Amino acid sequence: MDRNVYYYQHHTDLGTVSLLPEAGGRYKVMFGEENLGSYASPEAAADDVSGGHTFTPSSGVNLGELGIPDELGDWEKKVFATIGRLRPA
């Protein structure tokens, strides 16, 4: 059975925040092209983003002031990749 891996986005007036999967099941926070940190789960990343507790973007914008939701269910969820069932060697 195939399994989907998801990423999450939230659009603001100042740019898009994305939570992208990384190796080891972690998620990185991206604001535009800037990596603002790595988290153990997308839920933890969304919580830190909403409170402005990530690294600060070079633009100086405080993500905590942009009204970004802390609940992952309020983010846009998209398929990042589909992983097919692995067959024995």
Report task. Filter segment 52-89 down to residues that are in a loop (DSSP other than H, G, I, E, B) and touching a strand residue (DSSP E or B) at 6+ places or on another chain (Cβ under 6 Å) and give me whichever is surrounded by the most Cβ atoms within 10 Å (Cβ to Cβ). Result -> Trp75
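Given the criterion acidic (Asp, Glu) and in contact with a His (Cβ under 9 Å, 6 or more places away or on another chain), identify the matching residue among Glu22, Glu34, Glu76, Glu65. Break it down stepwise before answering.
Details: Glu22 fails: in contact with a His (Cβ under 9 Å, 6 or more places away or on another chain); Glu34 fails: in contact with a His (Cβ under 9 Å, 6 or more places away or on another chain); Glu65 fails: in contact with a His (Cβ under 9 Å, 6 or more places away or on another chain).
Step by step, each of Glu22, Glu34, Glu76, Glu65 is checked, and only Glu76 is acidic (Asp, Glu) and in contact with a His (Cβ under 9 Å, 6 or more places away or on another chain).
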Query raised in the report: For segment 1-51, how many residues are within 19 Å of Ala81 (Cβ to Cβ) and not in a strand (DSSP E or B)?
Result: 10
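Given the criterion buried (at least 16 other Cβ atoms within 10 Å of the Cβ), touching a strand residue (DSSP E or B) at 6+ places or on another chain (Cβ under 9 Å) and either under 21 Å from Val61 (Cβ atoms) or free of Cβ contacts under 8 Å to residues at least 12 places away in the same chain (or both), identify the matching residue among Gly15, Gly32. Let's see the steps before the verdict.
Values: Gly32 fails: buried (at least 16 other Cβ atoms within 10 Å of the Cβ).
Criteria check complete, one pass: Gly15.
Only the coordinates and a few stated rules stand behind these numbers; no lab work does. Since we're looking at a predicted model, the values are computed, not measured. Virtual Cβ from ideal backbone geometry, glycine too; neighbours counted across all protein chains shown.
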